[in-house]
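**Q** Just passing along the structure, written as C-alpha coordinates.
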Amino acid sequence: MILARNLLGTLRNRELTQATKDIAADTGLEHRLVADGQRVAGIYRCSVMLASGRYATLDNGMGFSLVPWRPVIEQRLGQQIAAMVRGGGVSWETGRRQGLSVG
(Lines give C-alpha, C1' and ligand atoms only; values in the text may rest on other atoms or scores of the structure.)
Protein backbone atom coordinates (compact mmCIF):
# COMPACT_ATOMS: atom_id res chain seq x y z
CA MET A 1 0.00 0.00 0.00
CA ILE A 2 2.84 2.44 0.77
CA LEU A 3 4.37 1.80 -2.64
CA ALA A 4 1.03 2.57 -4.28
CA ARG A 5 0.74 5.90 -2.41
CA ASN A 6 4.25 6.90 -3.38
CA LEU A 7 3.63 5.87 -6.98
CA LEU A 8 0.40 7.86 -7.16
CA GLY A 9 2.11 10.89 -5.62
CA THR A 10 5.00 10.61 -8.07
CA LEU A 11 2.64 10.33 -11.04
CA ARG A 12 0.58 13.31 -9.81
CA ASN A 13 3.71 15.42 -9.40
CA ARG A 14 4.94 14.51 -12.89
CA GLU A 15 1.56 15.37 -14.36
CA LEU A 16 1.48 18.73 -12.53
CA THR A 17 5.04 19.50 -13.62
CA GLN A 18 4.17 18.88 -17.27
CA ALA A 19 0.96 20.93 -17.00
CA THR A 20 2.83 23.88 -15.47
CA LYS A 21 5.43 23.74 -18.26
CA ASP A 22 2.68 23.78 -20.88
CA ILE A 23 0.84 26.67 -19.21
CA ALA A 24 4.09 28.64 -18.80
CA ALA A 25 4.86 28.15 -22.50
CA ASP A 26 1.35 29.34 -23.46
CA THR A 27 1.19 32.35 -21.14
CA GLY A 28 4.82 33.41 -20.78
CA LEU A 29 4.32 33.46 -17.00
CA GLU A 30 6.44 31.60 -14.47
CA HIS A 31 4.88 28.87 -12.34
CA ARG A 32 4.82 29.60 -8.62
CA LEU A 33 4.47 26.52 -6.44
CA VAL A 34 1.98 26.69 -3.57
CA ALA A 35 3.23 25.04 -0.37
CA ASP A 36 0.90 23.55 2.21
CA GLY A 37 -0.34 26.36 4.47
CA GLN A 38 0.55 29.09 1.97
CA ARG A 39 -1.88 31.76 0.79
CA VAL A 40 -1.93 32.55 -2.92
CA ALA A 41 -3.92 35.25 -4.73
CA GLY A 42 -4.54 36.20 -8.31
CA ILE A 43 -7.06 36.39 -11.10
CA TYR A 44 -8.80 33.10 -11.74
CA ARG A 45 -8.03 32.64 -15.44
CA CYS A 46 -9.13 29.08 -16.17
CA SER A 47 -9.33 25.57 -14.86
CA VAL A 48 -7.18 22.66 -15.98
CA MET A 49 -8.44 19.08 -15.90
CA LEU A 50 -5.76 16.51 -15.16
CA ALA A 51 -5.96 12.83 -14.32
CA SER A 52 -5.22 13.77 -10.70
CA GLY A 53 -8.07 16.29 -10.56
CA ARG A 54 -9.12 19.75 -11.65
CA TYR A 55 -7.01 22.81 -10.82
CA ALA A 56 -7.68 26.54 -10.93
CA THR A 57 -5.06 28.75 -12.55
CA LEU A 58 -4.45 31.91 -10.51
CA ASP A 59 -2.49 34.64 -12.32
CA ASN A 60 -0.86 37.37 -10.21
CA GLY A 61 0.59 39.20 -13.23
CA MET A 62 4.12 37.93 -12.68
CA GLY A 63 3.41 34.23 -12.39
CA PHE A 64 0.70 31.66 -11.95
CA SER A 65 -0.21 28.97 -9.44
CA LEU A 66 -2.31 25.85 -9.75
CA VAL A 67 -4.69 25.33 -6.85
CA PRO A 68 -7.19 22.49 -6.40
CA TRP A 69 -10.42 23.62 -8.07
CA ARG A 70 -13.82 23.57 -6.41
CA PRO A 71 -17.19 24.25 -8.12
CA VAL A 72 -17.92 27.21 -5.84
CA ILE A 73 -15.24 29.37 -7.55
CA GLU A 74 -16.45 28.87 -11.13
CA GLN A 75 -18.69 31.95 -10.86
CA ARG A 76 -15.51 33.96 -10.07
CA LEU A 77 -13.83 33.31 -13.45
CA GLY A 78 -11.88 36.42 -14.44
CA GLN A 79 -11.99 37.87 -10.93
CA GLN A 80 -9.42 38.32 -8.17
CA ILE A 81 -9.58 35.53 -5.59
CA ALA A 82 -7.27 34.03 -3.00
CA ALA A 83 -6.80 30.52 -1.69
CA MET A 84 -5.15 28.85 1.28
CA VAL A 85 -4.13 25.23 0.74
CA ARG A 86 -4.01 23.09 3.87
CA GLY A 87 -3.64 19.33 3.97
CA GLY A 88 -5.40 18.72 0.68
CA GLY A 89 -8.27 21.12 1.49
CA VAL A 90 -8.70 24.58 0.06
CA SER A 91 -10.11 27.72 1.67
CA TRP A 92 -11.18 30.28 -0.92
CA GLU A 93 -11.35 34.02 -0.24
CA THR A 94 -13.54 35.93 -2.62
CA GLY A 95 -13.53 39.26 -0.81
CA ARG A 96 -11.53 41.20 1.73
CA ARG A 97 -13.32 40.02 4.85
CA GLN A 98 -15.46 37.26 3.43
CA GLY A 99 -14.16 33.75 3.32
CA LEU A 100 -15.50 30.62 1.75
CA SER A 101 -14.11 27.37 3.00
CA VAL A 102 -14.31 24.20 0.97
CA GLY A 103 -12.60 21.04 2.19
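**Q** Quick one: which residue in 85, 40 is touching a Ser or Thr at 6+ places or on another chain (Cβ under 6 Å) and β-branched (Val, Ile, Thr)?
**A** Checking each option against the conditions leaves just 40.
**Q** Which of the numbered conditions does residue 10 fail, given that it passes all the others? Conditions: (1) outside any strand (DSSP E or B); (2) of a type in the set (Val, Ile, Thr); (3) under 14 Å from the mean Cα position of the chain (by Cα).
**A** (3)
**Q** Restricting to the range 46-103, what's the tally of residues that are assigned to a loop (DSSP other than H, G, I, E, B) and either exposed (fewer than 12 other Cβ atoms within 10 Å of the Cβ) or at pLDDT 90 or above (or both)?
**A** 16
**Q** Quick check: is even one residue across the range 19-31 of a type in the set (Val, Ile, Thr), over 21 Å from residue 91 (Cβ atoms) and within 11 Å of the chain's Cα centre (by Cα)?
**A** yes
**Q** Quickly run through the range 13-45 and pick out the residues that are on the phi < 0 side of the Ramachandran plot and part of a loop (DSSP other than H, G, I, E, B).
**A** Within the range 13-45, 29, 32, 33, 34, 35, 36, 38 qualify.
**Q** What single numbered condition from (1) at pLDDT 90 or above; (2) part of a helix (DSSP H, G or I); (3) exposed (fewer than 11 other Cβ atoms within 10 Å of the Cβ); (4) hydrophobic (A, V, I, L, M, F, W, C) fails to hold for residue 3?
**A** (1)
The values are calculated or read from the model by the stated rules, or taken from the named source; none is laboratory data. The model shown is predicted, which means the values in this text are computed figures rather than measured ones. For neighbour counting, all protein chains shown are included, and Cβ atoms are generated from backbone atoms with ideal geometry for every residue, glycine included.
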